[in-house]
Amino acid sequence: MTAAAASSDLDLVALSGEIARRVGVKAERNAPLAKLTTMRVGGPADLLATAHNAFELRALIRFARARGLPLTLLGRGSNVVISDRGVRGLVVHVRAEGSRVDGQAYVAEAGVPMARAATETQRAGLSGLEFGLAVPGTAGGAVWANAGAHGADVAAVLESADVLVADGTEARVPGAELGFGYRDSRFKHQQPEAPDEVVIGARFRLEPASADEIKARLDDIRRWRQAHQPLGIPSGGSSFRNPADGPSAGELIEAAGLKGSQEGGATVSEKHANFIVNDRRGTAADVRRLMDRVRAAVVESAGVELVPEIVFLGDWGGWPWPGAAA
Ligand SMILES: Cc1cc2nc3c(=O)[nH]c(=O)nc-3n(C[C@H](O)[C@H](O)[C@H](O)COP(=O)(O)OP(=O)(O)OC[C@H]3O[C@@H](n4cnc5c(N)ncnc54)[C@H](O)[C@@H]3O)c2cc1C
């Protein structure tokens, strides 16, 4: 099934015109998505609209819901593999990037890059978001994932999230009610293409500290990442979740002798076995096939069933596909 055939029941020309008239945002038809993800794979969105502020974000979500249109949120695309067949309905690229320091709190719209949150709060002499430097995603994506690194995570510092709920109302939900666990939140358990709850903004509660000391911690994190992660090459970060106990996913993959394993343009990184890197010619199918192979090999070698950390977005119907990419 091609993207064009699958979307033939949607009148994309009419819908994109309506989005322009009602929301005031341009919606591109059959828009390539690979370049909006860190893995650099995947087919087109039926419709792609960029929300540059929280007002546009709310309006686009309400439009999709009112029309019963499949709706997919995309932050920095740093935790996803988008199908080569693309994504049906409307993809909203979240670029609402307003932020401010409010006393000891940092208030961010959903599209604020976490690395920027880390440096802005450092300059304000507020500690707690240093780990954001290691997370190449947005504040909204970080809340969704309960992203974390270097012994810290979103759950530890999130005071509340502003959430647009399915009935169109908006709620300020305390962090304690968001179901946070290891790389987990209640947002992760919804349908990626019909999310009931969308994160519009976040308020982080931080601690005053010396800007110089925070800067030293940011420098340490930068050095650690350079030394341990394959940066500058397309990837989706950690491919699998770490098991609750025992060796990490990376250790299990390395012990199974899988470093350097390849499927098409996708390779298990030599630098960090839990990263899959794309030589820029890889397809989403290459990545998924390699992840399937890694899973099977680790079951075989260690009896452990690894669970993907990366989310597969879009049309993956009928996977595994025979033969070529799509
Ligand atoms: C090189 C590299 C290193 C990484 N290191 C780390 C690390 O150290 N720690 C860590 O935790 N993660 C890490 N990651 C993973 C990733 O950066 C995080 O999971 C991040 O939080 C994802 O944010 P995003 O904006 O890119 O989300 P996306 O990948 O764009 O989206 C992920 C999911 O969240 C949903 N979503 C996005 N925005 C919203 C919103 N506003 N409301 C509701 N749902 C939303 C999407 O629909 C999708 O299902 C790394 C990734 C890479 C590529």
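Some notes on this structure:
- A full extension of the chain between ARG22 and ALA171 corresponds to an added length of 51.3 nm, given 0.36 nm per residue minus the alpha carbon distance.
- The 3J(HN,Hα) values that the Karplus relation (6.51, -1.76, 1.60; θ = phi - 60°) gives for the range 150-157 are, in residue order, 6, x, 10, 8, 4, 3, 6, 10 Hz. Gly and Pro appear as x.
- Once you divide the Cα radius of gyration of the range 108-225 by 2.2 N^0.38 Å, the number left is 1.06.
- For the chain, the share of DSSP beta bridges that are antiparallel, to the nearest 5, is 75%.
- Separation of the ALA105 and ASP11 label points, Cα + 7 Å toward Cβ, nm: 4.5
- If only the Cβ of Lys and Arg carry +1 and only the Cβ of Asp and Glu carry -1, the dipole of the chain around its Cα centre is close to 760 debye.
- Between ARG29 and ALA66, the contour length at 0.36 nm per residue exceeds the Cα-Cα span by 11.4 nm.
- Cα pair distances of the range 157-248 binned at 5 Å [whole percent]: 3, 10, 13, 15, 15, 19, 16, 7, 3, 0
- For the chain, modelled as a GNM whose springs connect Cα atoms under 10 angstrom apart, the maximal fluctuation among ALA54, ALA64, ALA149 occurs at ALA149.
- Taking the inverse of the mean 1/r over every pair of distinct Cα atoms in the range 1-118 gives a Kirkwood hydrodynamic radius of 14.9 Å.
- Global form of the chain, assessed from the alpha-carbon gyration tensor, a/c cut-off 1.5: oblate
- Across the range 88-93, computed HN-Hα scalar couplings (Karplus, 6.51 cos²θ - 1.76 cosθ + 1.60, θ = phi - 60°) run 7, x, 9, 9, 9, 8 Hz from first to last residue, x flagging Gly and Pro.
- For GLY236, the amide hydrogen comes within under 5 Å of the amide hydrogens of ILE276, counting only partners 5 or more places away or on other chains and with H modelled in the peptide plane.
- Remark: the range 172-177, residue by residue, has Karplus-estimated 3J(HN,Hα) of 9, 9, x, x, 5, 9 Hz, where x stands for each Gly or Pro and the curve is 6.51 cos²θ - 1.76 cosθ + 1.60 at θ = phi - 60°.
- In the chain, taking the dipole from charged Cβ atoms about the Cα centre, the farthest positive-side position among PHE55, ASN30, HIS228 is held by ASN30.
- The stretch between ASP212 and HIS228 holds 3.3 nm of extra length on full extension. This uses 0.36 nm per residue minus the Cα-Cα distance.
- Rounded FRET efficiency, nearest 0.05, which uses the C-beta distance separating GLN191 from GLU270 and R0 of 45 Å: 0.80
- Among LEU57, LEU231, LEU69, the residue with the largest mean-square fluctuation in a Gaussian network model of the chain, with springs joining Cα atoms closer than 10 Å, is LEU231.
- Longest to shortest principal axis, alpha-carbon extents of the range 232-326, angstrom: 37, 30, 20
- Think of the chain as having a plus end and a minus end, set by charges on the Cβ of Lys, Arg, Asp and Glu; of GLY77, GLY246, SER210, GLY77 sits farthest toward the positive end of this dipole.
Laboratory data are not the source of any read-out in this text; all were calculated from the coordinates shown. Values in this document were obtained by computation on a predicted structure and should not be read as measured data. In this analysis, Cβ positions are derived from the backbone assuming ideal geometry, glycine residues included, and neighbour counts consider all displayed protein chains.
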